[in-house]
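These notes are about the structure you will find just below.
Every read-out reported here was derived from the displayed coordinates using simple, explicitly stated rules and does not represent laboratory data. None of these values were measured; they are calculated from a predicted model. A quick note on method: Cβ atoms are made from the backbone with ideal geometry, for glycine too, and the neighbour counts reach across all protein chains shown.
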Amino acid sequence: MTPGSIADAAWNSGAFQGLELIQDSLQVQISHVEARTPGEQEEALRAYARQGYALIFGHGFEFQGAAERVSAEFPLAIFIITSGEQLRGNVAPMIFRLGEATYLAGLVAGGVTRSNVIGFVGGIELPPIREAADAWFAGARASNPRVTTRSTYLNTFDDVAAGREAAVALLRAGADILTHNADQAALGLFQAVKEAPSVYVFGANLDQTDLAPERVLGSAVIDLPRAFLAVAREVQSGTFTPHVESFGLASGVVRYEPNPALLHLLSSDIQARVSAARDSIIANDRAP
Amino acid sequence: METEITAFMASAVRVATPLLLAALGETVAERGGVINLGIEGAMLAGALGAAIGASAGGPWAGVAAAVVAGLVVGALFALVAVVAGAEQIIAGTATTLGCIGLTGVIYRHHYGPGGVGLTLPTFPATAIPGFSALPILGPLFRQSILTYAAFLLAPALWWLLWRTRWGLRLRAAGEAGLQARTRGVPVRRVRTEGVLLGAALAGLAGASLVLGQVGTFAERMTAGRGFIAIAIVALGGWNPLRVLPAALFFGAALALQYVLQAAVPAVPYQVVLILPYLLTLLVLTTAAGRAKAPADLGRRAASVEGD
């Protein structure tokens, strides 16, 4: 179940790829629905559980409450809430510490910016989105103490034109590096970046280099297919016990994928800082 | 400071263009007595038509495809709400919901399910010599061709509604359908024509969103603009010449959200995001209280035609 269109080239596309990977690898029946409102989400969860689906992914923080309400009626089903909050019976969260990757992207942003202003565009201010943005800002300040940060929320993940206008306004306010966590609405941000000279952007959730190959410095990636398949394997073999599954850089599920074509924009000092920070995060299994 | 203001004005005009086109179209439909909540869907269909047309044959092909898509949706709505005389609000809502689903299906079928981030050929901003160099007002004259079209359409539609025989018959059908029919006005026909013209403009509004603003398509990208356009019609007192400033007002309020968030980080973004809607309520309670809707707006064709 996704909270938005699977054609967003981001968060929801990744989940659908995960579902398809499960089908291909494990030869099981899959199904997907888009459920946007709390009412739809609860009904969709209930419908899947009633139809006997063994493993149900509620793809996003927004599904936590509905899954907790529905789960008691269906003790045999397993509900995985991506970016979920807490473990409750058969409702298990799958947490992605995207901030570990956006921190690395922030180090790059701090090193590349010339105006010393960087901007973030968010869809809705959900806790996981806030955390990843804060980590990006922290990374930028770590590599460049003079950086000023700006953030804009759209209150929608769909409105591409809003994403574009928000990006244009940030660029007007002096930002020359942008990032986002706005799913489909971010498509407008990439358009705005492509139209402005010498400004750069980071991708979020999927490797989004293809959206603007000459402007995307890198992407903070969640390898949703890999994480989904791992859980589905355990459920199929009967070894799954509900637990908090948390993925950071060390797991390989959360990654920072630089765009090799733009690595020349980074000083060797910044490149060294990024790999040192990556090693340290992996060694400690947490962000600095 | 002046550059901040000009940038904001350019953004406001860009944001206002699709709203203006859709609101002008809806003004025509409502003058004929038909409230079409399906324009949100017609706009979305226009946006997808523009994307498919532009990727096949450039921006003008996109415009043509968008108008055709809007007309198809308008024809469907007119068939149900005017010809068959169904409840307009329900028919319009169903039209919009159907379009949201159908455009998603067609988009995924056409471009693959994964989402592609289309980059489409767009209309560049065209400067009007002389005017575009004006201080402050300059950005109004550095816009896409669709924006100029929208601005020129406002007086053209006013002329159509108040200075032509067709306009008189349409307004008669909207104010007093029964009397108009007894005087020989083919009420259903002129209402259908009004709906079709309105839906074609909604399709054009979708094209301006895709080809004049963002250069890409995404599912549900109209994001309620059709409904905002309906509010603009009321705010503009069902008069194209007043709909124009009303649309600009909305465009400015919406653009202000992003300018304020980017430039004045101290203001909580929640406050900024409420602004357009607060302003709307404020204006509706003051200015628009004076405007009067067409008397037969929303009434079924059957009840005004007496058959």
Least to most buried among A:121, B:214, by other C-beta atoms within 10 Å and fewest first, runs B:214, A:121
So the FRET efficiency between residue B:119 and residue A:26, C-beta based with R0 = 51 Å and rounded to 0.05, is 0.90
Distance in nm between residue B:286 and residue B:56 label points, each 7 Å along Cα→Cβ, equals 4.9 nm
Given backbone amide H placed at 1.01 Å from N, residues whose amide H is under 5 Å from that of residue A:57, ignoring those fewer than 5 places away on the same chain, are A:80
Expected max-MSF residue from B:46, B:32, B:237 in the GNM of chain B (alpha carbon, under 10 Å) is B:237
For residue A:284 and residue B:179, extending 7 Å from Cα along the Cα-Cβ vector and measuring point to point gives, in nm, a value of 8.1 nm
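Rounded, prolate or oblate: which fits the range A:60-150, taking a ≥ b ≥ c as square roots of the Cα gyration tensor eigenvalues, rounded meaning a/c under 1.5, else prolate when a/b beats b/c?
Prolate is the answer for the range A:60-150, as a/c is 1.5 or above and a/b outweighs b/c.
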Checking A:272, A:49, A:250 against a Gaussian network model of chain A (alpha-carbon springs below 10 Å), the top fluctuating residue turns out to be A:272
Largest fluctuation, A:255, A:97, A:146 only, Gaussian network model of chain A with Cα springs under 10 angstrom, belongs to A:146
The rounded separation in angstrom of the Cα centers of the range A:207-247 and the range A:54-102 is 15 Å
Between the Cα axis of helix A:224-237 and the main Cα principal axis of chain A, the angle (0 to 90°, nearest 10) is 20 degrees
Taking only the alpha-carbon atoms of the range A:29-69, the convex hull volume per residue, in cubic angstrom, is 68 Å³
Output row, site residue B:137, 7 Å Cα→C-beta label point, backbone N cut-off 14 Å, window the range B:1-40, residues none
Site residue B:164, offset 7 angstrom along Cα→Cβ, radius 18 Å on amide nitrogen, limited to the range B:209-244, gives B:239-241
Taking Cα atoms, the helix A:127-143 axis meets the longest principal axis of chain A at an angle in degrees (rounded to 10) of 30 degrees
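What percent antiparallel are the DSSP beta bridges of the range A:5-155, to the nearest 5?
5 percent
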Per its Cα gyration tensor (rounded if a/c is under 1.5, else prolate when a/b beats b/c, else oblate), the range B:1-157 is best filed as oblate
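Set the Förster distance to 22 Å, then compute FRET efficiency between residue A:115 and residue A:265 from the Cβ-Cβ distance, nearest 0.05.
Details: r = 15 Å, r/R0 = 0.66.
Given R0 = 22 Å and the Cβ-Cβ separation, E is 0.90.
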Spelling it out for residue A:247: with amide H atoms placed in the peptide plane at 1.01 Å from N, the residues 5 or more places away or on another chain with amide H under 5 Å from its amide H are A:95, A:96, A:97
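Using 1/(1 + (r/R0)^6) with R0 = 25 angstrom and r between the beta carbons of residue A:275 and residue A:230, what's the FRET efficiency to the nearest 0.05?
0.40
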In degrees, nearest 10, the alpha-carbon axis of helix A:98-112 is tilted away from the dominant principal axis of the alpha carbons of chain A by 10 degrees
Computed about the Cα centre, the charge dipole of the protein assembly as shown from +1 Lys/Arg and -1 Asp/Glu charges at the Cβ has a magnitude in debye, to the nearest 20, of 1960 debye
The rounded separation in angstrom of the Cα centers of the range A:136-153 and the range B:65-122 is 42 Å
Final fewest-first order of B:119, B:17 on the 10 Å Cβ neighbour count is B:119, B:17
Cα extents of chain B along the principal axes, largest first, in whole Å, come to 60, 47, 40
At 20 °C in a medium of viscosity 1.002 mPa s, the range B:163-307 has a Stokes-Einstein diffusion coefficient, with Rh taken as the Kirkwood radius over alpha carbon pairs, in µm² per second, of 121 µm²/s
For the pair residue A:250 and residue A:73, the simple spin-label estimate (label points 7 Å beyond Cα toward Cβ) gives in nm 4.0 nm
Of the DSSP H helices in chain B, the ones reaching 27 Å or more along their long axis in Cα terms and averaging at least -1.0 in Kyte-Doolittle hydropathy are B:2-31, B:39-78, B:88-111, B:187-207, B:240-263
Under the helix-only model (-39500 (n - 2.57) for each DSSP H run of 4 or more, divided by the residues of the protein assembly as shown), the mean residue ellipticity at 222 nm, to 500 deg cm²/dmol, is -18500 deg cm²/dmol
Counting only DSSP beta bridges fully inside the protein assembly as shown, the antiparallel percentage to nearest 5 is 20 percent
For the protein assembly as shown, shape from the Cα gyration tensor axes a ≥ b ≥ c, cut at a/c of 1.5 then a/b versus b/c, turns out oblate
Fewest-first ordering of A:157, B:249, A:74 by Cβ atoms within 10 Å yields A:74, B:249, A:157
